[in-house]
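Notes follow the structure.
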Amino acid sequence: MQDRFITPALLPFALALIVAGCTNPLVISLAVSPTTQTLPVGQTAQFTATGTYGHGANHPTSTQDETNLVTWSSSSPSVATISATGLATAVAPGTTTITASINGFTGLVRATSTLTVTGSGVGTGTTPTSDVTSITVIPGSQSVAAPGGVATFIPIGTESTGTTINLTGEVAWASSSSQIATIDSTGTATAVSQGSTTITAVYTNADKTVATGTASFQVLASASEKVTALTIFPGTQSATSLGQQGQFTVLGTEGGVQYDLTGQVVWTSSMPSVATIDTAPSATPGLVTAKAAGSTTIEATYTNKDGSQVVATAGYSVTAGTSPEPLLSINVVPSGTTVSTKGMTGQYLAFGTFSTPPLVRDITNEVTWLSLLPEVASINSGGTPGEQAGLATAQGYTGNTVIYAEDTKSNPDGSVVLSNAQTFTCKDPTTNVCDPGPATPQFATITVFVEGENTSPTGEYITAPSDTGTANLIHCGPDWSGSGGQVCTGTYAVGSTVTLTENLPAGSTYFGGWSSGSDCAESNPTTSTTCTVTLTGNASVGVIFY
């Protein structure tokens with residue numbers, strides 16, 4: 001068995017990564033000041049965050065005030081809240097951790113401080129000893145995800161003597177819109193329907209003068225789960241040969257949030273003789289196929305639980321010329337990826353079907369990659385040194401986004417070829433949310449290199465599941481038969497045990513082998529099509545197909 005090594009053709013890619021990393025200064029650490037703080041209930045304190053920037057080897061670091069750029073949070077909002085600008089407000093006796101976080105060189109960078117709240121200088125719900133002149137309701141604003149959610153407000157009164165007092169149980173509460181939220185005598189607000197309302201606390205002094213304070217309460221989503229609008233992407237498509245296929249995707253708007261409904265709508269074509277379109281339960285809803293020259297209207301219809309319907313349309317035209325366009329369609333794989341934590345990645349590949357040989361080619365680095373909800377995941381389109389095309393990165397927003405690729409350059413008439421739609425989801429299976437990650441991210445990356453002569457779409461390829469168990473977080477290959485290769489990556493928590501699998505073509509029993517010098521040993525290359533790697537740090541895997 002001859003040794004197999006990573007091809008020298010991959011060296012420029014690696015060098016580009018190194019160069020790019022040295023010329024892009026980013027935050028490498030944060031410091032919060034003060035590191036400890038003690039406050040009486042009702043009082044405030046300003047926290048500041050200072051970021052340290054790295055500028056590459058042989059260059060000194062620098063610092064910068066990041067107070068208004070970091071994300072501030074309190075581990076116990078019932079003890080103390082903190083605003084977006086770092087102003088902490090003491091709520092009740094206890095201890096909380098104040099955290100500042102920002103996207104940095106290694107992912108999410110964090111720093112913390114300890115805030116202790118004492119009971120001195122404030123009452124605990126007893127009657128004031130002098131007139132209350134003003135009320136501060138804390139926190140000043142709160143929101144819940146949907147009807148049924150609750151949040152508690154605390155009224156802090158300031159007496160004429162300057163003393164502050166907790167007026168819980170001593171004030172009258174009111175909501176400006178009881179249709180949106182109600183509030184009881186303890187200051188607990190309960191969401192009723194989507195929208196915003198003003199919460200007011202009123203205290204009446206012995207001399208009948210009153211003091212008031214307000215806060216805002218927002219209900220983000222509706223309980224009706226009703227889709228109010230549909231949008232089809234792209235709005236128009238065209239075909240230049242019979243049998244040519246394209247993909248339509250539809251997003252539904254519900255409570256201001258968009259969701260992929262491609263497989264949940266009914267797809268129809270007004271002129272099936274011109275083009276047909278697949279609808280559920282087909283394997284590829286939204287897939288349109290050209291049948292004859294002409295134009296048709298593509299329609300997507302979604303039916304809500306109450307029976308109401310929402311409709312959107314798009315245009316599709318077919319020009320049946322004697323010579324088909326070079327690029328007929330684009331297929332994106334894998335079929336979907338789910339990760340648990342912000343900063344984790346998934347690799348997508350694009351394969352073009354052409355009218356001339358080779359009929360199927362890897363065009364991952366030649367298309368434009370699009371993520372319809374970039375707050376869920378961004379995706380690289382390549383073209384920048386060190387940037388890997390088709391690599392999606394979770395940005396911290398819980399949910400899923402639609403990933404697809406488009407080509408505007410291959411066809412002489414300038415027609416756009418849009419791929420099928422795939423999904424990328426960030427959601428921890430235990431908490432059901434996208435985890436923001438640890439204070440110091442403990443991620444490791446597996447990099448897979450594949451190259452060889454037997455890597456057509458029906459040939460060999462390498463896969464590995466995500467940390468949530470979703471298949472194909474890594475999906476490297478297949479490549480079109482010819483020169484070149486692929487570089488694919490997957491991000492995991494340090495300590496994870498990841499099993500990579502070489503998938504063989506139907507009927508094949510030959511395994512090309514894991515490359516020597518990589519983290520997958522070449523101990524039994526003819527039979528061992530799996531390789532298990534325990535991540536103590538970054539790993540690399542090389543595969544050469546013959």
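FYI, it's all coordinate maths here, none of it is from the lab. Note that the coordinates shown come from a computational prediction; the quantities given were computed from them, not determined experimentally.
A few comments on the model shown:
- Prolate/oblate/rounded call for the stretch 168-207, Cα gyration tensor, a/c under 1.5 rounded: prolate
- Exceeding the 31 Å Cα-Cα cut-off - candidates Lys305/Lys342; Lys226/Lys291; Lys305/Lys409; Lys305/Lys427: Lys305/Lys342; Lys226/Lys291; Lys305/Lys409
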